[in-house]
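The values are calculated or read from the model by the stated rules, or taken from the named source; none is laboratory data. This structure is a prediction, so every number in the text was calculated from the model and none was measured. Every residue, glycine among them, receives a Cβ derived from its backbone with ideal geometry; neighbour counts consider all protein chains shown. In case anyone asks, the SASA skips ligands and DNA or RNA and just uses the protein heavy atoms, side chains included. Shrake-Rupley method; radii C 1.70, N 1.55, O 1.52, S 1.80 Å.
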Amino acid sequence: KNEVEQSPQNLTAQEGEFITINCSYSVGISALHWLQQHPGGGIVSLFMLSSGKKKHGRLIATINIQEKHSSLHITASHPRDSAVYICAARGGGSEKLVFGKGMKLTVNP
Amino acid sequence: DSGVTQTPKHLITATGQRVTLRCSPRSGDLSVYWYQQSLDQGLQFLIHYYNGEERAKGNILERFSAQQFPDLHSELNLSSLELGDSALYFCASSVRMYNEQFFGPGTRLTVL
């Protein structure tokens, strides 16, 4: 069992829909990273959070440390949001990131 | 553009060969991380350097080595290459340890 699990693995949505991507982890962590990987392969860091909630534009990330769970929400989704979304957990006192397998999002116009 | 540069963008080589991948971090960033992304394993942490010193090792094979130079650029050396080493290799940098990481565009290595 992977230490970091993401669900769903694939998601197809219509433009404008509210999207939630889930990430669960089985180890204690000091931070959780959300990354976006574009079809061309480039990786962009979206959020790094260790508690509560962060918002950037149409993206919102939340984390529940007690439940070992994080969610990434996309409001008013757009075709340009089509990408693979990856969560990665960083253990306490460690720089090592453990990655989920990613979730492929396709937003149709 | 994250400000992290990697060269080369693509590399095609044969089994048994040795290659060097280069990474220049964002200006001012002291930490450099190397990751491997293969189709079957996904993203995996390889190694982390901070201000020239190795700080953490992940799933890095003995055939692989890395270093960070005084000007903070880093190189990942892959030797005795095997078909299974074909992957995307990313480096990322951050200001210090435990900060948000910024990823380079990656080097796509194909071993034939």
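As an exercise, use a Förster radius of 25 Å and the Cβ-Cβ distance of A:S50 and B:D1 to find the FRET efficiency, rounded to the nearest 0.05.
0.40
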Kirkwood Rh over Cα pairs of region B:1-89 into Stokes-Einstein at 25 °C, 0.890 mPa s: D in µm²/s?
-> 181 µm²/s
What accessible area, summed over both chains, is buried at the B-A interface (1.4 Å probe, Å², nearest 100)?
-> 1500 Å²
What full-extension length gain, to one decimal in nm, is calculated for B:N99 and B:A14 as 0.36 nm per residue of separation minus the Cα-Cα distance?
-> 26.9 nm
With the convex hull built on the alpha-carbon atoms of the protein assembly as shown, volume per residue in Å³ sits at 121 Å³
FRET efficiency for A:Q14 and A:E67 from the Cβ-Cβ distance with R0 = 22 Å, rounded to 0.05, comes out at 0.15
With a Förster distance of 35 angstrom and the Cβ-Cβ distance between A:E5 and B:E54, calculated FRET efficiency to the nearest 0.05 equals 0.70
Taking the Cα atoms of chain A, report the difference between the largest and smallest coordinate on each principal axis, in whole Å and largest first.
-> 43, 26, 22
Residues in region A:42-64 occluded by at least 10 Å² - accessible area, probe radius 1.4 Å, against chain by itself = A:G42, A:I43, A:S45, A:M48
